[in-house]
């Protein structure tokens, strides 16, 4: 596939992405930390393009590997060599000059790139937003402003982790901003004074129409560029707040209209995924005058139960609660809702700001291709820091340049026509066989086991420990491709006519 790197994210899984990385401190060229991070975030093509023409690691004694906090366990020199020898020769273009093609807008308000922090702890103080802006984020949806008395639980996070220790799914039981409305308005004024080109999206939540109107007006008066209506927080359900509103289209319409009465800046409705379909709430927001939709917020969840105490996570003095699930695990659900909203006839012309599991530039691109004009990120920042904006912007910009796009907007919605609500339209008369690359195969037998026990017993595994396909049994499901740990299975180009 085009843009599929020969170096997988898992190749750099041993790197723990240090802050102030010791490997970089001892490297004469100051290369490894950034390059390893780029590999982890699906950005190895840009990393290879950034290497100098003369490979700096050729005669190096690799002090980076000795200085690594996991000394000897991260193959830094090998990965750098692969970037230079395997990836760099395949590149069609050098690193583009400037980042003009990333410039876009949100409801007519300019954005230097499509990447915003989503409303959460990562955008909850002046100092945090300022550091994010300095790092390169185009703006921030500030943590939801309200007049409620907020007292947070401790602990309030739990997670599901992958085999490498990375967070796959993340649960929070956190609520809204614990600063007063006046304190938050002061933050807006300072941010707009010191960062006039950055986008401030003011997330708000009121308890009645009058409060939605008042908060929207205050945010505009104090420098917000747009308002985001939090109709979706799963942790503020009591008393008809948060996701309780997002599940009732009549309330979405009423409170959207109330917020629009209070301001003249764009208003986005942030909708809940805790519904069968998001269209009714989206259409209600449009009737109420919304200029855009933000989606998705977190999904109500339980991440696990302690087998000794019998308490769900996170445990707070012997109790727990449903909380909001986020992280890369929710991306497929988020993409489904983004596509649904983008195809909604009654929502035509509304800006969609997409979120839900974005870690890499490719994740963000998928949201854009399905109709999002901007994207928002939280959980990846909580895990890896604001610094991920480097690979988000560099990777997306490099991709757009390779494809010949002049701007982000040219890519918005390009994938929508390929998505159907049902499988009835799919062609079912041919089989696309898998193809085995025996030079990459390590003989683990994972493809054989999966096909035998979870597929159609179409793979033979002999004494040479190399898989062979039985075309008479293969149905082209490609389970073998997905389970191969070495990417040694690919799709054959030839389609075989299915026998009747």
Regarding region 322-334, can at least one residue be identified that is touching a residue at least 12 places away in the same chain (Cβ under 8 Å), assigned to a strand (DSSP E or B) and more than 24 Å from the chain's Cα centre (by Cα)? no
Region 65-83, subset more than 28 Å from the chain's Cα centre (by Cα) and assigned to a helix (DSSP H, G or I), residue surrounded by the most Cβ atoms within 10 Å (Cβ to Cβ): 65
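Considering region 68-109 alone, what residues qualify as being under 30 Å from residue 349 (Cα atoms) and out of contact with any helix residue (DSSP H, G or I) (no Cβ under 7 Å at 6 or more places or on another chain)?
Within region 68-109, the first condition is being under 30 Å from residue 349 (Cα atoms), and the residues that meet it are 98-109.
98, 100, 103, 105, 106, 107, 108, 109, listed by residue number.
Before we move on, is residue 380 in the same structural domain as residue 138 (by TED's automatic domain parsing) and free of Cβ contacts under 8 Å to residues at least 60 places away in the same chain? Steps first, answer last, please.
Details: in the same structural domain as residue 138 (by TED's automatic domain parsing): yes; free of Cβ contacts under 8 Å to residues at least 60 places away in the same chain: yes.
Yes; evaluated as a whole, the condition is true for this residue.
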Residue list for region 455-499, restricted to those being in contact (Cβ under 8 Å) with a residue 60 or more places away in the chain, surrounded by 13 or more Cβ atoms within 10 Å (Cβ to Cβ) and over 11 Å from residue 435 (Cβ atoms): 487, 495, 496
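Would you please name the residue that is nearest to residue 400 (Cα to Cα), looking only at residues in region 42-59 that are in contact (Cβ under 8 Å) with a residue 12 or more places away in the chain and either surrounded by fewer than 16 Cβ atoms within 10 Å (Cβ to Cβ) or touching a strand residue (DSSP E or B) at 6+ places or on another chain (Cβ under 6 Å) (or both)? Steps first, please.
Narrowing region 42-59 to residues in contact (Cβ under 8 Å) with a residue 12 or more places away in the chain: 42-52, 55-57.
Of the ones still in play, those that are also either surrounded by fewer than 16 Cβ atoms within 10 Å (Cβ to Cβ) or touching a strand residue (DSSP E or B) at 6+ places or on another chain (Cβ under 6 Å) (or both) are 52, 56.
Numbers: 52: 22, 56: 28 Å.
Selected residue: 52.
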In region 133-171, the residues that are surrounded by fewer than 24 Cβ atoms within 10 Å (Cβ to Cβ) and either modelled with pLDDT of 95 or more or in a strand (DSSP E or B) (or both): 133, 134, 135, 136, 157, 158, 159, 160, 161, 167, 168, 169
Positions within region 84-132 being within 30 Å of residue 157 (Cα to Cα), without any contact (Cβ under 8 Å) to a residue 60 or more places away in the chain and not in a helix (DSSP H, G or I), in sequence order: 124
Checking the structure you have, find out if any residue of region 99-110 is farther than 25 Å from residue 407 by Cα and surrounded by 19 or more Cβ atoms within 10 Å (Cβ to Cβ). no
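The values are calculated or read from the model by the stated rules, or taken from the named source; none is laboratory data. A quick note: this is a predicted structure, and the numbers were derived from the prediction, not measured. As a convention, Cβ positions derive from the backbone with ideal geometry for all residues, glycine included, and neighbour counts pool all protein chains shown.
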